[in-house]
Every structure is written in C-alpha cells, then in structure tokens.
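Novice: Please see the structure below; I have some questions.
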Ligand SMILES: Cc1cc2nc3c(=O)[nH]c(=O)nc-3n(C[C@H](O)[C@H](O)[C@H](O)COP(=O)(O)OP(=O)(O)OC[C@H]3O[C@@H](n4cnc5c(N)ncnc54)[C@H](O)[C@@H]3O)c2cc1C
C-alpha cells in the first residue's frame, strides 16, 4: 500500500514539503495538503502593499492548480486537532484524515495581546489582511500627516520586515514631500541596531546607524512598549511617542489548535523538533518553517525572538522531505540540519536601495557574515519576488 503523507499548510514550508516528498519518491506516495487558504502568499512583499506598490493579486497565486499538476491532493479546510497516537487529524469541515507521515507547516499568528492597545490602535504588515488595513491607514495619514512610529515589540523576531518597512516609509515620505516635516522614529527590542534577532553581523550596527542617520530617523533601542493609545506609543520608561501613523511588528505564535497537543508543542504552540525536523516525541510527525520551535540562544535586556525566514524554511522542508522518503523506503532518517546551522540569505529592501545579508549560519558562532549595501539589493529583491513566485507556482521546488 502506498504511504500517505499529510501536510498542514501551503505556504513556503507546506508547499515546498508537499512537492519535495513527491519528488523524492518519484510520485510513489500519496500526498495531501490541508489549508484554509487556497493562495500562496509571498510574504516578503507585504512591506510594499501599504504604499500601493503591490496588491494581493501581485503577490499570491492559487495553489490548487500547482498541487494538481504535481499529483498532490488538496483539502480546503483548517486542521483543528492532531492526534499523533491514532495518527489522525481533524478538520473544521468535520473530516478526520489518517496519515503515515504528518508535516506540520502551519506557520504563525500574531500575538495580538503582546501589549494592550496593539490590536485597536496600531497597524501591522504581518498578514495580507493586516497589510491591506495598513494601506488604508497610510492613505489617511497622507491626507492628514503627523509623526510616524515604526516599532518591533518585546519578543518580536521579524526585525527584517520592521527595518524594511521603516526605510520604505522614509522613502515614501520623501516622495510625498513630507520628509522634512514628519518625525520618523524606530522603536525596537533589539539591544543594538542590526541585531535582527540573529545576534547581529559584522559592521551591521554601524551600517544601520549610518542609514538611520542619513534618513534622519530617531531610535529607541532595547525598549519595551508598555501600551498603544489612540495616536501614541507609550514606552516602558513612560515616554510617550505621539503618531499619526504607527506600524508595529508583534511577536509570532504557533497556531492555536496545536496547543491541545501538549506532547508536540511548546508553550507558544511551536512544534518541538529534532535536527531531522521530526517531532521530539513522534518519529512520524514533522514540523517545518515557522511552525517548528527554535530556542532563543541569548538573553537580552528586552526579549527578542528569532526570525524564521524563507531560506531556512525551504531548507527544513527539503530535509523533512528527504527524511520522510527514507522512512518510506524503510531507512533511518539520515538528513540532519540544525536551524542555527542553516545559512542566512536575505535581502533587506529600503525603497530604492537595500542591503544583501549573507552568513554561513543563521545563529552564531559564525565564520562568515557580510552585509552588502546598495541599489543592487533593491533590484535583487524585485527580481527575486518574480522568480520565487514563478518557481513556486510551477512547482519547481528543487530550484534554489
Ligand atoms: C512582513 C514579512 C516580511 C517578510 N520578509 C521576509 C524576507 O524578506 N525574506 C525572508 O526570507 N523571509 C521573510 N519573511 C518570513 C517568511 O514570510 C516566513 O519565513 C515564511 O512565511 C514561513 O513560511 P511558513 O510556510 O512556515 O508559514 P506561513 O507563511 O505562516 O504559512 C502557514 C500556512 O499554514 C496555513 N495554516 C494556518 N493554519 C492552519 C490550519 N489550522 N490548518 C492547516 N493549515 C493552516 C496557512 O494558510 C498557510 O498556508 C517575512 C515575513 C513577514 C511577516
């Protein structure tokens, strides 16, 4: 009997894992993907959506056709419960699906209660719906400008997006002729500029400092946020930063339904994994992408999270696919790659400029790490968006 692989989630992690398992086993396996969303979303472009540079159709595509073309089934539903002992997953449409191997790739949700007033008074860009709400807020801001705050709260890990949005905001303020009149402030939990939640990279702090100085952006480092009022960010030390537009990046959590599977997940709902991306407790349950837990290896005065970016997500999905294929063939899972040992490959966009970020490892100790600033980084990001959407839409997950 052909083995059944069930994949929960169909974005970077889920789509890659589903197609890669089929590829590894030359199609001799039944793969089904479950997701409440039929669309693949290229999350990195959410930084541009509020400024009207992208809309949802530019950065999404329907995954069902892609999956069908590659012989993968699709259930348009949300998983509501995983029973790893009975090897069953319950869906919100009442179905119960059995599996031989399960891949949990359900990503993140915003921790909306991170600070009081975040959900009511701030906007964010971490989901498509939120980025669209932010686009409306930006239009209102342009009609009635005032000071702007971009912030990453205590516990946040997605600092790259915060910086990108900050520099894109500065660029847009210039374009709108508002740069001289608007005070732009960056509030972050990072202990120093360019920490990025990965401990920083050589010359990162000075480079980011230079960028911020050139743009006239004020900073509050290692700063917790106490709460968000209507039109003001109130910091841990009592300082009040009034804003006409306030974009705040919160921490992420794993999906709520996973919390009931206490032997699978940590307190945040992330699946505890080994370096094979098998769950710590079950050999036939895998987790990849944001859904997989990563321990923060340091303590900072204000807590910071880990950025679980696209490149490590894809790497984990391929490692999991190879290990599932090995298990299906009756072998031991032999592919091992700790999150911290996966290379860091990222482009930070700054509107018409940017920084290419490369390091031999996501987390220190590292041998190499380099930041390459310049307009070519912006062009690279534009090109990469088109390439990546093409690659995923056509299911070419074996390409880099
Ligand atoms: C604004 C922003 C900018 C970013 N920029 C970059 C960047 O420039 N470079 C970079 O490398 N990374 C970037 N990232 C990080 C990148 O988006 C993540 O690495 C990537 O989204 C991880 O993919 P994932 O599939 O693990 O999770 P997600 O993208 O969160 O996908 C989760 C999937 O699970 C599905 N799902 C959710 N709940 C259920 C359920 N109950 N049952 C079944 N399915 C479910 C969802 O519908 C979705 O398909 C950025 C992130 C953000 C928010």
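Please treat every number below as a calculation from the coordinates, not as lab data. For clarity, every value in this text was computed on a predicted model and none was experimentally measured. Glycine gets a Cβ as well: all are built from the backbone with ideal geometry, and neighbour counts include every protein chain shown.
Novice: With all pairs of different alpha carbon atoms counted, what Kirkwood hydrodynamic radius in Å does the range 52-149 show?
Specialist: One decimal place: 17.5 Å for the Kirkwood radius.
Novice: Given R₀ = 30 Å, what would the calculated FRET efficiency be for residue 96 paired with residue 1, taking r from the Cβ atoms and rounding to 0.05? Intermediate values should be presented prior to the final figure.
Specialist: On the way: r = 19 Å, r/R0 = 0.63.
My answer for the efficiency is 0.95.
Novice: So what is the relative contact order for the chain, in percent, with contacts set as C-alpha pairs under 8 Å and at least six apart?
Specialist: Once divided by the residue count of the chain, the mean separation gives 19 percent.
Novice: Moving on to the next point. If each residue of separation counts as 0.36 nm, what is the full-extension length gain between residue 112 and residue 192 once their alpha-carbon separation is subtracted?
Specialist: Values: separation 80, 0.36 × 80 = 28.80 nm, distance 2.48 nm.
Gain on stretching residue 112 to residue 192: 26.3 nm.
Novice: Per q in 0.10, 0.16 Å⁻¹, report the Debye log10 I(q)/I(0) for the range 118-251, using one uniform scatterer on each alpha carbon and no solvent.
Specialist: -0.29, -0.77
Novice: Return the single residue from 240, 271, 319 with maximal mean-square fluctuation; model: Gaussian network over the chain, springs between Cα atoms under 10 Å.
Specialist: Result for the chain, Cα springs under 10 Å: 240 fluctuates most.
Novice: Let me know the shape class of the range 286-382, please: from the alpha-carbon gyration tensor, a ≥ b ≥ c as square roots of the eigenvalues, rounded when a/c is under 1.5, otherwise prolate if a/b is greater than b/c, or oblate.
Specialist: Cα axes put the range 286-382 in the prolate bin.
Novice: Next question, about the same structure. With angles folded into 0 to 90 degrees, how steeply does helix 128-143 sit against the dominant principal axis of the chain? Use alpha carbons for both and round to 10.
Specialist: Roughly 10 degrees between the two axes.
Novice: Between the alpha-carbon centers of the range 8-67 and the range 350-370, tell me the distance in whole angstrom.
Specialist: Taking the Cα centre of the range 350-370 as reference, the centre of the range 8-67 is 26 Å away.
Novice: Counting each DSSP H run of 4 or more residues in the chain as -39500 (n - 2.57), what helix-only mean residue ellipticity at 222 nm follows after dividing by all residues, to the nearest 500 deg cm²/dmol?
Specialist: -8500 deg cm²/dmol
Novice: Could you tell me the calculated FRET efficiency between residue 58 and residue 352, based on Cβ-Cβ distance and R0 = 22 angstrom, to the nearest 0.05?
Specialist: With a Förster radius of 22 Å, E is 0.75.
Novice: For the range 118-251, what relative contact order do you get, as a whole percent, if you take Cα pairs closer than 8 Å and at least 6 residues apart?
Specialist: 37 percent.
Novice: Additional query: Separation between the residue 132 and residue 295 pseudo-spin-labels, each 7 Å from Cα along Cα→Cβ, expressed in nm?
Specialist: According to this spin-label approximation, the distance is 4.1 nm.
Novice: Using only Cα atoms and rounding to the nearest 10 degrees, what angle (0 to 90) does helix 375-393 make with the longest principal axis of the chain?
Specialist: Rounded to the nearest ten degrees, it is 30.
Novice: Please check: in the Gaussian network model of the chain (C-alpha springs, under 10 Å), which one of 43, 262, 185 has the largest mean-square fluctuation.
Specialist: 262
Novice: Hey, in the GNM for the chain with a 10 angstrom Cα cutoff, which one of 360, 57, 100 fluctuates hardest?
Specialist: The residue that fluctuates most here is 57.
Novice: With label points built 7 Å along Cα→Cβ from the Cα atoms of residue 85 and residue 260, find their separation and express it in nm.
Specialist: 1.5
Novice: Give the angle, between 0 and 90 degrees and rounded to the nearest 10, that separates the Cα long axis of helix 12-24 from the longest principal axis of the Cα atoms of the chain.
Specialist: The answer is roughly 30 degrees.
Novice: Give me the distance in nm between label points sitting 7 Å out from Cα along the Cα-to-Cβ direction at residue 360 and residue 239, one decimal.
Specialist: 3.8
Novice: Rule-of-thumb check for the chain: C-alpha Rg over 2.2 N^0.38 Å?
Specialist: The value comes to 0.98.
Novice: Please give the FRET efficiency for residue 178 paired with residue 332, using the beta carbon to beta carbon distance and R0 = 45 Å, rounded to the nearest 0.05.
Specialist: 0.15
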